[in-house]
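**Q** Let me begin by handing over the structure; questions about it come next.
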């Protein structure tokens, strides 16, 4: 065995892909370095050592305020949302056995969008002020995203879940949700419409530390649960008959995996909005780096997703400064051509 | 002794019945082959034996126990199935593929025990795939790829192996290569093998036991040399033919009638 290392400790044993471990280590470093640089860049420029000082409370007051109040939570959110969306996509692509599947297609993002704009419309008074705290908005978005996910799941149920039916119903429901969202935006006040538009595009602007602390345990727990489930995804990727022949309980596994995928995407969408194409691109890039074995695909997808959203956010807030462009604009700007490239490639296969 | 047994098994899709009230015994330690025309239900039967298809009525008995009452992982430790033309995901290595066969023995914290490693090594060795262990499955030839999939079923370490047309899409040399491998597994490891084959002549050569499926049931079964004759081929496949002896193996060889070129050799005259 040259590519793999066996890890055994009493009853615990795993087969590790050495190359993948190096890739993960390299990506962790890349994410940390990018985060450090990204915190330093902006209206107020800071060198990396100033950033580190500010983070640990030894910097000057102004720097500390900027880092702790604004940039660090924002970048942490980019990392978390990117990871959650990427892994959600990785699950769907593995389960549906189609590299074009993603949470955007399954209605999850637009379920969140509809709920968000519904929240903004319903709880606005005549003066366009919110009648409840804006803090409840993530909960509304999350609920919408998860409900949409479940609806797709329920509608495609017929003696079990067929992946292709899941995709078709997902696309149909997405169209419906989009239409309803547009309707609400037109009917509602203009001011709300522009706010909703930023949400739909996806932005980590205005994240506070509390948001990060809410999403962090959610993502971490789901990722751990998923790693436990990873060998089942590997088996499912060989096809239904092979998986069932080897003793998999496909239905139960699919329900759990769908739950994890929806919960991850819903969490990301709740705080960062509909950052598009990350769930499509990141798992794809990850597969190019480490192959399709799910145990390594999950961490690598997560790291790639974090990088994508972080870089998109960095470009969005520095390139057109003082104008803020939502991160979702840039993920879509890379994502849409990438999607077309994937379609083009699959056509030529 | 019987490895598998069906009791009044009725199979179908929706309203349509494909197999009706079938009682079938699959002998233990032998190589059995299901033959029959297209759409006669032989693949359906094989899939239901492997619990991939729920019967309309009746049941299947494995080792004296009804499979409908057995946990699916326990079945997977006794019986493996290789479906027709399986597809591996992009970028998967042979080792990663074969390792999946250990699923019914693993838990979430024990995913690569010494037994797992030994079973996978044995499977790779038996299929002559050791040197390809770290190659990507997509980069292999058709015959190698099929051997990798067979290795996956071997890693499952079961007494019974079911295969649905393991030679489809393979050229003749690779067909013989795969069947030779299965023959070895049967004769040397004493594993029960049941498969669907399209090529009647290869079936007659390799099978101890042939089961001819026709009209929602079994037309005839037994040793190829006892049952394969002109009448069987006509009834089961609707084909006129001559049955001669295979000059190398002595097993029945079916020479179909029909049209074709005739070649006159050495002045032997016309037919």
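Computed from the coordinates by the stated procedures, all read-outs in this text should not be read as laboratory data. All figures in this text were calculated on a predicted structure; none of them were measured in a lab. Positions of Cβ are backbone-derived with ideal geometry, glycine not excepted, and every protein chain shown enters the neighbour counts.
**Q** Just want the ordering: B:243, A:134, from fewest to most Cβ atoms lying within 10 Å of their own Cβ.
**A** A:134, B:243
**Q** Something else now. So, in Å, what gap is there between the alpha-carbon centers of the range A:180-204 and the range B:1-65?
**A** Going from one Cα centre to the other spans 58 Å.
**Q** Oh, and also: Roughly how far apart, in whole Å, are the Cα centres of the range A:78-119 and the range A:284-313?
**A** 15 Å
**Q** Taking only DSSP H segments of four or more residues, each worth -39500 (n - 2.57), what value at 222 nm results for chain B once the sum is divided by all its residues, to the nearest 500 deg cm²/dmol? Please list the in-between numbers first.
**A** Numbers: 9 runs with 83 residues, N = 271.
Dividing the helical sum by the residues of chain B leaves -8500 deg cm²/dmol.
**Q** In addition: Which one, B:133, B:173, B:207, has the greatest fluctuation when you compute a Gaussian network model over chain B with C-alpha springs under 10 angstrom?
**A** Of B:133, B:173, B:207, the Gaussian network model singles out B:173 as fluctuating most.
**Q** Still on this structure, please answer the following. Among DSSP beta bridges lying fully in chain B, give the percent that are antiparallel, nearest 5. Numbers along the way, then the final one.
**A** Working: 26 of 43 bridges.
Among the beta bridges of chain B, antiparallel pairing accounts for roughly 60 percent.
**Q** Another question, if that's okay. Could you check the simple spin-label distance between residue A:321 and residue A:343, using points 7 Å along Cα→Cβ, in nm with one decimal?
**A** 3.7 nm
**Q** Further question: Report, to the nearest 10°, how far helix B:114-126 tilts away from the longest principal axis of the Cα atoms in chain B, using its own Cα long axis and a range of 0 to 90°.
**A** 20 degrees
**Q** Share of antiparallel DSSP beta bridges in the protein assembly as shown, in percent to the nearest 5?
**A** Working: 34 of 52 bridges.
Close to 65 percent.
**Q** 7 Å from Cα along Cα→Cβ at both residue B:66 and residue B:173: what's the point-to-point distance in nm?
**A** For residue B:66 paired with residue B:173, the spin-label model returns 5.1 nm.
**Q** Return the single residue from A:56, A:72, A:294 with maximal mean-square fluctuation; model: Gaussian network over chain A, springs between Cα atoms under 10 Å.
**A** A:56
**Q** Another question, if that's okay. Using a/c under 1.5 as the rounded threshold, could you call chain B rounded, prolate or oblate? The axes a ≥ b ≥ c are square roots of the C-alpha gyration tensor eigenvalues, and prolate needs a/b larger than b/c, oblate otherwise. Let's see the in-between values first.
**A** Working: a/c = 2.14, a/b = 1.33, b/c = 1.60.
Oblate is the answer for chain B, as a/c is 1.5 or above yet b/c matches or exceeds a/b.
**Q** Where the centroid of each part is defined by its Cα atoms, how far is the range A:50-66 from the range B:212-271 in Å?
**A** Taking the Cα centre of the range B:212-271 as reference, the centre of the range A:50-66 is 88 Å away.
**Q** Under the classification rounded if a/c is under 1.5, otherwise prolate if a/b is larger than b/c and oblate if not, where does chain A fall, given a ≥ b ≥ c as square roots of the Cα gyration tensor eigenvalues? Intermediate results must be reported in sequence, preceding the final value.
**A** On the way: a/c = 1.89, a/b = 1.17, b/c = 1.61.
Oblate.
**Q** I'm a student and want to see the number: the projected area of the Cα convex hull of the protein assembly as shown, averaged over all directions, in nm².
**A** On the way: hull surface 142.0 nm².
Its average projected convex-hull area is 35.5 nm².
**Q** To continue, here is another question. Divide by every residue of chain A the summed helix terms, -39500 (n - 2.57) for each DSSP H run of at least 4, and state the resulting mean residue ellipticity at 222 nm, rounded to the nearest 500 deg cm²/dmol.
**A** Result for chain A, helices only: -24000 deg cm²/dmol.
**Q** At 0.36 nm per residue, minus the direct Cα-Cα distance, what do residue B:246 and residue B:21 gain on full extension? Give it in nm, one decimal, please.
**A** Going from the current span to full extension adds 77.4 nm.
**Q** If you take the square roots of the eigenvalues of the alpha-carbon gyration tensor of the range B:46-98 and sort them as a ≥ b ≥ c, do you get rounded (a/c under 1.5), prolate (a/b over b/c) or oblate? List each step's numbers first, then the result.
**A** Working: a/c = 3.45, a/b = 2.01, b/c = 1.72.
It comes out prolate by the Cα gyration axes.
**Q** Once the Cβ-Cβ distance between residue B:121 and residue B:187 is put in as r, and R0 is 35 Å, what FRET efficiency do you end up with, to the nearest 0.05?
**A** Details: r = 21 Å, r/R0 = 0.61.
Once the sixth-power term is evaluated, E becomes 0.95.
**Q** Do you know the relative contact order of chain A, to the nearest whole percent, from alpha carbon pairs under 8 angstrom that are 6+ apart?
**A** Numbers: 549 pairs, mean separation 97.3, N = 349.
Relative CO of chain A lands at 28 percent.
**Q** When only Cα pairs under 8 Å and 6 or more residues apart are kept, what is the percent relative contact order across the range B:87-157?
**A** Details: 83 pairs, mean separation 36.0, N = 71.
This gives 51 percent for the range B:87-157.
**Q** Next question, about the same structure. For the residues B:35, A:96, A:186, what sequence is obtained by ranking on other C-beta atoms within 10 Å, fewest first?
**A** Values: B:35 27, A:96 23, A:186 9.
Taking fewest neighbouring Cβ atoms as first place, the list is A:186, A:96, B:35.
**Q** Given the options B:209, B:56, B:257, state which has the largest fluctuation in a GNM of chain B using a 10 Å cut-off (strictly under) for Cα springs.
**A** Among B:209, B:56, B:257, the largest GNM mean-square fluctuation belongs to B:257.
**Q** Related question: Under 16 Å from a point 7 Å along the Cα-to-Cβ line of residue A:165: which residues of the range A:231-256 have their amide N that close?
**A** Inside the label zone: A:240, A:250-252, A:254-255.
**Q** Could you compute the FRET efficiency for residue B:109 and residue A:49, with r as their C-beta to C-beta distance and R0 at 41 Å, rounded to 0.05? Let's see the in-between values first.
**A** Details: r = 42 Å, r/R0 = 1.02.
After rounding, the FRET efficiency stands at 0.45.
**Q** Length gain on complete extension for the stretch residue B:234 to residue B:263, per 0.36 nm per residue less the alpha carbon to alpha carbon distance? Numbers along the way, then the final one.
**A** Details: separation 29, 0.36 × 29 = 10.44 nm, distance 2.57 nm.
The span from residue B:234 to residue B:263 would gain 7.9 nm if fully extended.
**Q** Oh, and also: Mind giving me the FRET efficiency for residue B:141 and residue A:157? R0 is 30 Å, r the Cβ-Cβ distance, nearest 0.05 is fine.
**A** Approximately 0.15, to the nearest 0.05.
**Q** Which order do A:18, B:147, B:235 fall in if you start with the one that has the fewest other Cβ atoms within 10 Å?
**A** In order of increasing Cβ crowding within 10 Å: A:18, B:235, B:147.
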